[in-house]
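Read through the structure below, which is laid out as structure tokens, and then see the notes.
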Amino acid sequence: MREELNQIFDLEFSPRVLVEASAGTGKTYTIVGIFIRLLLERELDIEQILTVTFTKKATAELRERILERLRQTLDTVEGSDPPGDKDPFLSEIYSRYGKNLKSAEALRRAMHNFDDCQVFTIHGFCQKILQEEALIAGTPFELNVSPTDQLLMTAADDYWRTFMHENSGSEAGHYLISKLTSIAATPGELISYGGIKPLIDKPYATAEGEFVDDPKAILKDLIDLKADLKNLWHAEKETILKIMRTCDLSGYAQHVDSRIRKFEFYLYDRSFSQDKPDALVYLTSDYVYDDENLRKNGNPVPEHPFFDLCSELAEKAGEVKKVQSTLLIQAFREISERRKELTAESEISSYDDLLTNIHDSLITGENSAELSGKLRKRYPVALVDEFQDTDPIQYEIFSKIYPAQNSDSSLMMIGDPKQAIYAFRGADLHTYFRARKDGVGSDYTLTKNYRSTTGYIRAVNELFSGERNAFIEEEIEFRPSEAGRENHTDSLVIRGESVPSLSVIARSGIDSNKGNACSFAFSQTVKKIGEILGMASRGEATIGDRPVRAGDITILISRHKDAKTLQRKLKQIGIDSVTKTNQTIFETVEATKLEIVMNAVLNPLNSRAVHALLLTGMFGQDLNRLHNLTEDEERYQSLSEELMELNSVWKRRGFYAMFYEIIHKEGRLANLASLEGSERIITNLYHLAEVCAQEERINERAPRMLHRWLLRQMDETEREEEKELQLESDQHLVKIMTVHASKGLQFPLVFCPTLWMGHEPSFHKNKIKSPVEYHKPGESELYINIEREKSERRKAAETAADLESIAEEVRKTYVALTRAEYGSFVFWSTHTESLFSGLGAALSGTEKTKQFIEDRVKLKDGKEPDEGIILDRFKELSAVPEIGFEIIERDEPLSDIEITQPGAGDEIEFEPYIGRETLQVKNRVESFSSLAGHSSDPAEPDFDQVIEQYSEAFEPESESEKSQKESIFQFPKGATAGTAIHKLFEHESFDFSEFAANDFGNAVEELLEEYQFDLKWKDVILQMLSDVTGAEIPGFSLNKLRNDDQIRELEFHFPAAEVYGDELIEIIRNENGNTIPDSRSQMYLTGFIDLVARQDGKYYILDYKSNYLGDSVDDYGEEDLRHEIRANHYDLQYHLYTVALLAYLRTRVPGFSYENDFGGVAYLFVRGMKPGSSNGVWFHKPDLSVIQKLEQTLGVMKSEPSNIINPAEE
């Protein structure tokens, strides 16, 4: 029976104690109080109390809190007067131990020996035990812990080499290799999350799937069947085709040619790209002999062994997915075993090894009883903080040391299952449930909230209370919180009226596009913040007796990438903000920049290292100028000489001297200052430089050793260094951070614009890309399903995993909404998946959410259930005075908001005028890249992925990549590769209509040499060109396109009203954009259209995309392309192209009609295209109404023929 713990002295010590601490109830306060009680009541020494938490930052904070509490307690015990009622714990201390000399001596001794205070992370504790008890634990005396698991990578490489060698001698072996590489292209990918990493990270889990004894034998049978079918097809093709074309199967004859084309491609394909073509099912005896498929009164299909053989082949091909599951489990077992061998030969351990070594020593080791007894005697009591974030291995370690029936020891577990949001780090909430089921002598809950106001506490209670079980997991019981401070009643007051503690602002309708939903929520968030700060500057928005300040406001988001969007929108109305994350300084972009600087100085003659240095921003952002620098031999030589001199400076005078010289020379600091967010960039660089200089000095690291040290810090999963440096000015700014980063913190006002974002259920995904982790009802054991097909078991696993993921989203929502002290604003836009968001599921409850998953519900306009299922619930909640609800029918543009921010201090500080930061130019030039936010330079080409990983082209090919069979999927990625592919299609000798008949090989060789690619790619490129030429595009045939019916690289340049990319995207994606006022200043839009083509009297826009989406044509399907189009804002790009082309065509085609004369837009993702298929082709003809709205917004008038200039024709 769980009891409420009203004060710390009510807690009874027992072998197992569980304390559930809801948000804001003083968890750390309670832990520290229990610690003091153990010193005084149990008379333990400070080194006998083991305290465990989960981050090094938390251990440091907990140590500080314990030390401070020791001081306060000692002062209270020795004081002459009681401390008063402000701190109930100290009041009770005084009443029990006041003037007690023995207690005072115990406290003084604890403070004197505080360096022996045993506060650790779980990994730190395990490392300490392995080092101190190496003999009993059976581990090396010298234990070196590596933050990266190099032994695992070595084991994977060994497995990969062995597998390739053993299977390279037969056709079935090659087929088996193709099945492995379809899962993972490299050893690194094999041990990633898409491969076997879930099994490696969670060795306690049960692998689930259907496996086969001899996977190669199955593939050999399939190859033999395919050979038999090929022979039969050669001998009987005409007979079989006659049967198929003349049979009475309903709707069959009209599809025969396309199905046979796909069948023959499969039959003669020796690359094993398909296990079973989709068309095969229509060729099986099961289909053609089924009377249900006949036309009315139709005759049965004549029997032929071909159809029986197709059925046999289809059945055997169905077993290939089991082959892939088997490969995964075999790889896991063999790599794990190989890693154990390597570990036995090495003195290096990973962080996970620390846990498994202690676990194995305690559970199955020869000296397990001796080790557990020794630890129990050394640490009679253990306090485990954040217990909801443990996993089975950690729990079993503590459970073995502290048996549930041992009265001489105590395991005290403190946490909150409602705040378990770290599954992605390996936390397993079901371990918490298991601990409770295993039995606890004392089970308590903390319910008094000392963080929030009385009104806000009532609002949160109302949201999560009720019989519907908002938290989904049956084991989680929500108990309403009580106000810890009854007089804490202040609230946000606007113009004399209190604002509801929890305000929900929503709009009606359903957004199928997440971008549109984000646009609404973010705009409303920024608008509301602007309104509040604007009124605060006039004294009309207050908290208590003071105006609201920007520093009072925190925006909590679900995704890191949304921070920049919100920052930009806030800046648009004059509000500065700062992003806060759990990032360390080593995870920042600046760490990468500094590593590149180090590498270039250490390798001044390495062109790749120098080229990467040029792209750090120190040398400016003009790509043309940077390219010219590399082409100018004299300037390039000068830079190399400078780097050699800096190398000498580093060796002679140290790292910081080198860093200072390179950053302050030739205006490089000014170049960095011109970047967006320059204050943060420069601060982080200097912070990193200081940390590196300190490491160099303390550990006497030579230059190359310091470089390797920095690389290790960047790779670490648990870092010891400081968090990202906070600027002094940050405290006065609006803060933006993720929900995860906010855990444990509190803020006056919280804005939540992303709680509508839902978990994407598995039934929305057609492909299987990774294992599924889940628990079965009522069980604490973790299962990992590694099947590669949508079997019934896989579907059941996915359903259970979906429910667990949604439950974690609910917990994230709880964390977000319990950070506020005075109030929260929730901005809701109903998306198709919002039922599976944390807030959506909390409002619906467990049973309805389960039903939505089972029914595969996807919200759509005009269908039940609609947005009312959530909005109506908000309306019901708004009956409570502390909850407000408002529906916004029309999203007002941010440009209408004007605010004056209140100052950060009480006095106005004057600074000398040093000129404008930027000078606005009336006629600005914009391209798609600059509008979409990919670049600030409109002169930069619009080629895909031009910004993506600049230095990728400079990195050497890995050995695993070299060993693969070359294909277009392995062809290099990045800007250079994209440019080369574009140049191929633009080559003067390239002709779509004549490609099959002409030899284009020489041109390909020339281009590969020009862009410094190996000639081994020649055949790959020729095959790609052939695939693209033969692909299907709706209403258009590339292989029939003549040169006189096309314009390549059509340049446009025309005046337009000044707009931002997101304003245009609003119009494109929901046809609900606002027309830009005439007063907006003018800009010029410019760009290049890859290909404008004419065929059958219609005009088309074609664009080549070299984007890498995966190693299979299946990765370039319609849904994959839809995601890529939207993620990169290519829809904005081709709508702008369409506007430009229409203006051009209207001046040259008499009576031009959009509906009749414009065919549409085709974006050709060349890596995924194949003959006779539309795979890899994104085709769209924009609605005329959207184009007209864009023309109106941009100010592109049909009567201005001079708007478009084609230099080629001029």
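The values are calculated or read from the model by the stated rules, or taken from the named source; none is laboratory data. Predicted, not measured: the structure shown is a model, and the values here were computed from it. With ideal geometry, Cβ positions are generated from the backbone for all residues, glycine too; neighbour counts draw on all protein chains shown.
Any residue in the range 1078-1101 that is at pLDDT 85 or above and more than 28 Å from HIS987 (Cβ to Cβ)? The answer is no, given that none of the residues of the range 1078-1101 is at pLDDT 85 or above and more than 28 Å from HIS987 (Cβ to Cβ). Taking the range 994-1018 as the range and being surrounded by fewer than 17 Cβ atoms within 10 Å (Cβ to Cβ), more than 36 Å from the chain's Cα centre (by Cα) and in contact (Cβ under 8 Å) with a residue 40 or more places away in the chain as the test, only ALA996 passes.
Residue count for the range 417-446 under the criterion of being over 34 Å from the mean Cα position of the chain (by Cα) and in a loop (DSSP other than H, G, I, E, B): the result is 3.
Within the range 1095-1121, the residues that satisfy the criterion of being within 27 Å of GLN1192 (Cβ to Cβ) and charged (D, E, K, R) are LYS1098, ASP1103.
Scanning the range 19-46 for residues that are touching a Lys or Arg at 6+ places or on another chain (Cβ under 6 Å) and of a type outside the set (Val, Ile, Thr) turns up ALA21, GLY24.
When you scan the range 571-589, do you find a residue that is farther than 29 Å from ARG712 by Cα, free of Cβ contacts under 8 Å to residues at least 12 places away in the same chain and assigned by TED's automatic domain parsing to the domain that holds PRO753, even just one? Checking the range 571-589: at least one residue is farther than 29 Å from ARG712 by Cα, free of Cβ contacts under 8 Å to residues at least 12 places away in the same chain and assigned by TED's automatic domain parsing to the domain that holds PRO753. Taken as a whole, the structure leaves GLY620 outside the set of residues that are in the same structural domain as ARG697 (by TED's automatic domain parsing), more than 23 Å from GLU695 (Cβ to Cβ) and exposed (fewer than 15 other Cβ atoms within 10 Å of the Cβ).
Restricting attention to the range 251-269, does a residue exist that is in a loop (DSSP other than H, G, I, E, B), closer than 26 Å to SER178 by Cα and either modelled with pLDDT of 90 or more or among the acidic types (Asp, Glu) (or both)? Yes, the range 251-269 contains at least one residue that is in a loop (DSSP other than H, G, I, E, B), closer than 26 Å to SER178 by Cα and either modelled with pLDDT of 90 or more or among the acidic types (Asp, Glu) (or both).
Within the range 501-515, the set of residues being polar (S, T, N, Q) and surrounded by fewer than 21 Cβ atoms within 10 Å (Cβ to Cβ) comprises SER508, SER512, ASN513.
Yes or no, residue by residue, for (1) farther than 19 Å from ALA517 by Cβ; (2) touching a residue at least 40 places away in the same chain (Cβ under 8 Å):
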site: TYR783; (1), (2): yes, yes
site: ILE786; (1), (2): yes, yes
site: GLU792; (1), (2): yes, no
site: THR799; (1), (2): yes, yes
site: ALA807; (1), (2): yes, yes
site: GLY823; (1), (2): yes, yes
site: TRP828; (1), (2): no, yes
site: HIS831; (1), (2): no, yes
site: SER834; (1), (2): no, yes
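Residue-level analysis places ALA670 among those that are surrounded by fewer than 14 Cβ atoms within 10 Å (Cβ to Cβ) and assigned to a helix (DSSP H, G or I). Against the definition (over 36 Å from the mean Cα position of the chain (by Cα), assigned to a helix (DSSP H, G or I) and surrounded by fewer than 23 Cβ atoms within 10 Å (Cβ to Cβ)), how does LEU375 come out, yes or no? The answer is no for LEU375. Of the helices (runs of 4 or more DSSP H) contained entirely in the range 56-145, those carrying at least 1 residues that are under 17 Å from THR356 (Cα atoms) and in contact (Cβ under 8 Å) with a residue 60 or more places away in the chain fall at 122-132, 134-137. I'd like the residue in the range 453-506 that is among the basic types (Lys, Arg) and modelled with pLDDT of 90 or more and, out of all such residues, is farthest from ASP443 (Cα to Cα). Here the residue is ARG495.
All of ASN671, ASN606 fail the test of being in the same structural domain as GLN713 (by TED's automatic domain parsing) and closer than 30 Å to LYS569 by Cα, apart from ASN671. Looking at the structure I just gave you, is THR55 surrounded by 18 or more Cβ atoms within 10 Å (Cβ to Cβ) and under 30 Å from ALA427 (Cβ atoms)? So THR55 does not fit the description; no.
Sub-8 Å Cβ pairs linking a first residue in the range 272-287 that is crowded, with 16+ Cβ neighbours inside 10 Å to a second residue that is part of a loop (DSSP other than H, G, I, E, B) and hydrophobic (A, V, I, L, M, F, W, C), at least 6 apart or interchain, number zero.
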